[in-house]
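One structure follows; several queries about it will come next.
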Amino acid sequence: MMNQPQRDDPRLAAKQAAAQARYQEVAKKLHTTAKQRFPNRPISQIKFVQVDTPPNVRPGQLVNLTGAIEGRDLQIFIPAGARQGLQFEVPYIRYDGGSSVDHDDAIVVGDPFFVFPPVLSAREADEEASRQLFRQWQVQANAQQQQQQPQPQPQPDPAEWKVKGNAAFKAKDFREAARLYGAAVLACLHRVRTEAPLMAVRPPIDAATAGPADQDGGEVATTDREGEAGHGNTEALRRQAQLDKQKQLAVDLGMHIVYSNQALALMKLKPPRLAEALEACENALNIDPHYTKAFFRLGQCLEQVREVHVLVLRVGMLCVAAATAHKQHVASQFPHPL
């Protein structure tokens, strides 16, 4: 008897139906976004392109994919659960008429997604929830800016999420508090990167290829070795000044306080996520090495880690003692080997 065609498999049919529903859900969401952005433009197509997860990236990281959509370079945020070897989908809309392929507004790209989302760890799920909170603010801010042009680019206020996180912590919803503090961290990072960006370091001047302005400007050292040394010192000082400016802005925004609060929320979870809490304390101290509350919470976290290690050690010793007692009992019952 011949095997039934694979398409008659009810499990396969259910999987295909779930995938179709997922595509329709994403297409509907993108269609709504596109209509809000350009209400008078007719939409030609809604398409999906498969993308391989690039190596050495993490969820939430902004990456540039060369020629990903119709020969265009594409900037996207890596979706939650993405790992090397997994493919995810990127939805996009093409407008009909009046928009050439080369025009920036001819295509609207949606958020990357998995047709069948991978199972996320607690940390991955919470980080994605924090990113979603921040993206909601970005969508609202962009819509308001378009309605009230000309207006300067709006900037997020980390204190808003910090206040909400404090309220959730007070209500003993520690996981929601950690997610809100995570959104506050993202807001701080956005402010730091936009208000105090790191400028590209200029390469050293090559006397063989330098133009007249470079050679006669009075800033080039008299020898190649002196010139390279002077250039390296100048660029190092410039880079350090930029890093100091970023760190000061992070302190002004209270980023170290948010990290410290997030660490405490993570310690309050059942079970506590101590490795993440330790990382949050270290991040707080990297921003402000004199923040005593971060030191205190780091000590609390290390004490919990010590207690866990002692408990594991005691359980191990009890297991060894029980195994030894059982072995002695068996030996007393059967003194002679069979």
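For A167 and Q304, calculate 0.36 nm times their separation in residues minus their Cα-Cα distance, and state this gained length in nm to one decimal.
On the way: separation 137, 0.36 × 137 = 49.32 nm, distance 2.48 nm.
Stretched out fully, the A167 to Q304 stretch lengthens by 46.8 nm.
If you don't mind, there's one more thing I want to ask. Kirkwood Rh over Cα pairs of segment 20-119 into Stokes-Einstein at 4 °C, 1.567 mPa s: D in µm²/s? It would help to have the intermediate numbers written out before the result.
Values: Rh = 14.2 Å.
Roughly 91 µm²/s, to the nearest whole number.
Now for a separate question. Once you place label points 7 Å from the Cα toward the Cβ at T292 and F48, how far apart are they in nm?
A separation of 5.6 nm, rounded to one decimal place.
Quick one: which of 155-168, 35-48, 254-267 comes out on top by average Cβ neighbours within 10 Å, and what's the full order, highest first? All intermediate terms of the calculation are to be shown ahead of the outcome.
Values: 155-168: 17.9, 35-48: 12.9, 254-267: 25.4.
The most tightly packed comes first, giving 254-267, 155-168, 35-48.
Also, quick follow-up: Of K47/K164; K245/K270; K162/K293; K164/K247; K162/K270; K270/K293, which ones are farther than 28 Å apart at the Cα?
K47/K164; K245/K270
Quick one: length gained pulling T33 to L62 fully straight, 0.36 nm per residue minus the C-alpha distance? Intermediate results must be reported in sequence, preceding the final value.
Working: separation 29, 0.36 × 29 = 10.44 nm, distance 2.04 nm.
Result for the pair: 8.4 nm of gain on full extension.
Most exposed first by the Cβ proxy, i.e. fewest other Cβ within 10 Å, how do C281, C319, C301 rank?
Working: C281 29, C319 10, C301 23.
Least crowded to most crowded, the residues run C319, C301, C281.
Hey, another quick one. So for the pair A21, E160, with labels modelled 7 Å out along Cα→Cβ, what separation do we get in nm?
Computed distance between label sites A21 and E160 equals 3.4 nm.
Coordinate-derived values only; no laboratory data. Just so you know, these numbers come straight off a predicted model, no measurement behind them. We place every Cβ from the backbone using ideal geometry, glycine too, and count neighbours over all the protein chains shown.
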